[in-house]
Amino acid sequence: MALDLHENEKKWQQYWEKNSIYKFDRKSKKPVYSIDTPPPTVSGTMHMGHAFAFSQQDFIARYKKMRGFNVFHPIGFDNNGLATALMVEKKKKIKSKNFSREEFIKIVLEGTLEEEKKMIAAFKSIGISFDWTLLYRTIDKLARKTAQHSFLDLNRQERLYRKDAPTMWCPNCETAVAQAELEDKEIASTFNNIVFKTEKGKEIIIATTRPELLPACVAVFVHPTDGRYKDLVGKKLKVPLFDLWVPVKEDPRADPEKGTGIVMCCTFGDQTDMEWYYAHNLPLRMAITKDGRLNELGEKYRGQKIVNARKEIIEDLKKEGLLKEQKPIKHDVNVHERCKTEIEILPSKQWFVKYLDLKDEFIVKAEALQWVPPFMKARYDNWINGLQWDWSISRQRHYGVPFPVWYCKKCGEIIIAEEKDLPVDPLKDKPKKKCKCGSNEFIGEKDTLDTWFTSSLTPQINCRWVEDKAFFEKMFPMDLRPQGHDIIALWAFNTVVKALFHQQKLPWKTITINGWALDPKGKKMSKSLGNVVRPEEMIDKYCADALRYWAGLPVLGEDVPFMEKEMVSGRKFVTKLINASRFVIMATKDIKVGKIDKKKLLPEDKAILFDKYEFSKALNPTRNFFWLEFADFYIEEVKSRVYNDKGSSGKVAAAVLHEIAWKTLLLLSPFLSYATEEIAQTQFKSRLKEKSIHLESWPEADTSLIDEEAEKIGDAINKVVAEMRKKKTEARKPLNAPVKKAVVKIEDPKVLKEVEDVIKRTMSVKNLEVKKDKEFSVKIEF
């Protein structure tokens with residue numbers, strides 16, 4: 001009777017949980033292997049990227065457990081972010097601003113339980129071996145305490161500062177953003193050649209893509225060696241449409257080759273504007289509001305959104321004859337990675353982590369990490385080399401981890417919470433002491449910490465940095481960080497930064513970077529594109545092991561298009577594994593397992609054993625060996641020996657069958673977690689020494705079985721058998737059809753001398769003739 005794979009999966013899920021197969025044992029004396037798992041955002045659904053990445057991570061966890069490690073495999077849920085807050089607001093039909101921060105955090109933790117249950121069920125369904133007793137949330141008390149402790153420690157190291165400074169700002173989300181939260185987006189735009197005028201009325205053409213910033217213009221710059229504008233330096237130009245005169249200055253950052261070579265400086269259009277602002281002590285003219293509109297400096301354009309103001313200003317420039325030329329261009333702009341809105345630079349009071357002075361150190365220190373694949377280190381280095389800002393950690397959001405900070409109402413002194421009081425909410429709690437000025441009236445910091453400020457502490461959260469010092473010392477640094485390449489800047493880099501600041505160590509020993517699961521055409525899966533493939537649907541249609549099989553095929557780090565044909569192959573392979581194992585058990589029921597008399601091994605036995613121990617620790621060679629060598633050839637080659645030869649030859653063949661089948665199960669168990677458990681528990685019970693195949697020891701190579709001559713013979717047998725099968729298929733004959741005569745031409749006939757009987761038995765050949773010939777060929781007569 002065929003095995004119901006879906007019922008089988010449920011059965012073994014329950015068994016693993018009941019027997020705590022994946023539970024970390026604090027008392028164990030085994031060496032620890034720890035994994036810093038990416039905490040997925042709480043959404044209630046597992047997408048194909050989750051299934052792909054977490055399966056690859058799970059292969060490593062299961063392999064390490066079989067290697068004798070006490071595997072520490074925690075999991076967290078990321079519910080500290082705007083996406084979660086919006087989801088809960090929509091679900092509950094409420095607004096976070098109508099609740100205290102503490103109340104809304106409680107609402108989120110309770111309101112996402114249903115989504116968590118769905119995601120836990122989904123992760124369990126694909127056989128991920130998390131220790132669910134170690135579950136944390138990035139907004140729970142432990143996470144908040146850890147993040148605030150980090151803040152206090154950085155403050156002690158004088159790595160924090162707060163200042164009114166130009167800040168990257170998302171006008172859609174109305175919050176500051178860090179450089180790591182930016183994406184480059186190519187947009188269509190125009191270079192507008194606009195007329196500025198000298199005091200004598202001479203027209204000076206300046207090219208800009210952002211005419212809406214004209215009311216924020218504070219200077220015009222030329223390169224010191226640009227002779228075209230030498231006479232203008234030190235003079236003033238009138239800004240078109242606005243009653244505004246600005247000085248012309250020299251600076252080597254002005255590019256003579258870009259546009260007309262003369263450029264306006266506005267506060268602030270880009271990083272260069274900021275540099276000029278500080279270097280030349282320019283005045284501040286802010287024309288854009290925090291919600292992305294022109295303010296009173298925009299005069300008649302006041303209140304208009306940036307895009308609309310741009311259009312109207314261009315039209316007015318045309319009417320006034322102040323727009324000489326427009327050139328369509330495409331260029332990259334910074335957008336907020338969450339909402340894809342173009343970033344503005346606005347001055348606001350923000351908290352920063354000072355780290356630009358350590359860029360070189362961050363690059364050098366990370367060289368001690370094992371990067372898998374190695375080329376991903378270049379992405380990390382490139383990100384750091386391109387850093388231009390310290391880390392902005394303030395977010396103008398009601399929901400999130402609070403700053404442990406108050407400000408004295410009387411003197412403005414910054415008051416930092418005490419360690420023993422963490423976690424605190426400054427909007428509810430008060431400092432325990434008066435300010436040094438004597439006042440006891442305080443204003444709590446309203447902003448919340450950047451979500452990555454907390455997420456960059458996952459090793460410290462997992463290892464209980466603020467709760468259990470002894471455990472932390474034992475567990476930190478962790479062994480592995482598995483993650484996607486898209487968050488090297490956001491997560492990997494910031495986690496390295498935090499660990500170096502707090503522990504003066506790297507946070508892990510190895511970092512593995514997985515690729516993305518793409519749609520069949522190689523595009524990123526997206527709801528808006530309608531190309532999302534749901535893993536639950538694939539599991540229902542095929543089985544969980546088929547999905548894990550697909551995840552195990554590509555090289556780590558590759559972006560992989562999802563091909564349903566691989567699910568078909570995976571299901572077929574699982575079925576083949578089950579059926580072949582059943583045959584092995586039926587054929588070997590009377591033999592003593594685990595005992596092989598090496599002296600009685602025939603050439604085909606030696607060949608199969610040697611191939612087996614050449615496996616790498618990846619799915620592809622194991623699958624190919626089992627399917628193409630073991631199941632397709634060796635089983636067929638020794639069937640008659642097992643069934644008909646009751647002497648030593650039959651017993652040896654049976655013993656080899658049993659040994660290979662068992663060791664192959666062990667090799668496949670990290671990948672096909674359900675099928676291998678079912679086969680081991682129902683057909684190889686005598687081999688099991690532990691409660692689960694996933695607790696068994698990884699098979700070790702027996703180098704005494706290496707026999708190159710036997711390998712050569714085995715390859716020759718398989719080549720002849722494959723060709724005979726092909727001839728029978730072409731003749732539309734069954735594979736067991738009797739053959740009167742077969743003639744094999746081969747370059748070295750001696751290689752088949754000892755195994756002619758094997759070929760005859762396997763392919764039902766009555767007369768076999770082997771001849772010497774440079775060209776290999778097989779002819780058969782029925």
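Values computed for the structure shown
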{"item": "Label-zone membership for the range 212-243, site His280, 7 angstrom Cα→C-beta point, backbone N under 11 Å", "result": "218-224, 233-237"}
{"item": "Fraction of accessible area attributable to carbon and sulfur, the range 1-149 (%, probe 1.4 Å)", "result": "55 percent"}
{"item": "Karplus 3J(HN,Hα) series, Hz, for the range 354-370 with 6.51 cos²θ - 1.76 cosθ + 1.60 (x for Gly, Pro)", "result": "7, 8, 4, 6, 10, 3, 4, 5, 4, 5, 5, 4, 6, 5, 6, 6, 8"}
{"item": "The range 59-98-the range 753-782 distance, computed between alpha-carbon centres (Å)", "result": "61 Å"}
{"item": "Under Karplus coefficients 6.51, -1.76 and 1.60, residue-wise ³J(HN,Hα) of the range 721-733 in Hz, glycine/proline x", "result": "4, 4, 5, 5, 4, 4, 5, 5, 5, 4, 8, 6, 10"}
{"item": "Full-extension gain in nm, Lys772 to Lys117, via 0.36 nm per residue minus C-alpha separation", "result": "229.0 nm"}
{"item": "Net lengthening on full extension, Asp231/Asn736 (0.36 nm per residue, minus Cα-Cα)", "result": "172.1 nm"}
{"item": "Convex hull volume of the range 264-368 per residue (C-alpha atoms, cubic angstrom)", "result": "191 Å³"}
{"item": "Ranked by how many other beta carbons lie within 10 Å on average, peptides 655-662, 306-313, 321-328 from highest", "result": "655-662, 306-313, 321-328"}
{"item": "The range 474-527 versus the range 672-687: alpha-carbon centroid distance in Å", "result": "34 Å"}
{"item": "Helix 673-683 vs. the chain, principal-axis angle (Cα, 0 to 90°, nearest 10)", "result": "20 degrees"}
{"item": "Rounded to 10°, Cα long-axis angle of helix 603-612 versus longest principal axis of the chain", "result": "10 degrees"}
{"item": "Crossing angle, helix 635-644 versus the chain [Cα axis fit, 0-90 degrees, rounded to tens]", "result": "30 degrees"}
{"item": "Per residue solvent-accessible surface (Å²) - the range 111-204, probe of 1.4 Å", "result": "41 Å²"}
{"item": "Probe 1.4 Å, protein heavy atoms only - accessible area per residue of the range 430-566 in square angstrom", "result": "41 Å²"}
{"item": "Peptides ranked, highest mean first, by Cβ atoms within 10 Å: ranges 212-222, 266-276, 515-525, 403-413", "result": "212-222, 266-276, 403-413, 515-525"}
{"item": "Where the range 656-699 is the region considered: accessible area per residue in Å², 1.4 Å probe", "result": "25 Å²"}
{"item": "Carbon + sulfur, % of accessible area of the range 435-484 - ligands and nucleic acids excluded, 1.4 Å", "result": "47 percent"}
{"item": "Candidate lysines for bridging to Lys740, where Cα separation is under 23 Å - those fewer than 8 sequence places away on the same chain excluded", "result": "Lys639, Lys719, Lys726, Lys727, Lys728, Lys750, Lys753, Lys760, Lys766, Lys771, Lys772, Lys779"}
{"item": "Under 22 Å, Cα to Cα: Lys pairs in the range 39-147, sequence gap 8 or more or different chains", "result": "22"}
{"item": "With every protein chain in place, the range 647-782: carbon and sulfur % of accessible area (1.4 Å)", "result": "47 percent"}
{"item": "Structure-derived Rg and Dmax of the Cα atoms in Å - corresponding label in (i) 25.8, 81; (ii) 42.7, 132; (iii) 34.4, 114", "result": "(iii)"}
{"item": "Calculated from backbone phi, Karplus (6.51, -1.76, 1.60) coupling profile of the range 233-242 in Hz, x at Gly/Pro", "result": "4, x, 9, 10, 10, 8, 6, x, 6, 10"}
{"item": "Probe 1.4 Å, all protein chains present, accessible-area order of Arg732, Arg302, Arg582, largest first", "result": "Arg732, Arg302, Arg582"}
{"item": "Protection-proxy order for peptides 489-501, 353-365, each taking the mean of Cβ atoms within 10 Å per residue, highest first", "result": "489-501, 353-365"}
{"item": "Alpha carbon centroid spacing (whole Å) that separates the range 213-245 from the range 322-337", "result": "20 Å"}
{"item": "Chain lengthening between Asn308 and Lys200 when straightened (0.36 nm per residue, less Cα-Cα)", "result": "35.6 nm"}
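The values are calculated or read from the model by the stated rules, or taken from the named source; none is laboratory data. For clarity, every value in this text was computed on a predicted model and none was experimentally measured. Every residue, glycine as well, gets a Cβ built from its backbone with ideal geometry; the counts of neighbours run over all protein chains shown. For the accessible areas, the whole protein counts, side chains as well, though only heavy atoms, and no ligand, DNA or RNA atoms are used. Shrake-Rupley method; radii C 1.70, N 1.55, O 1.52, S 1.80 Å.
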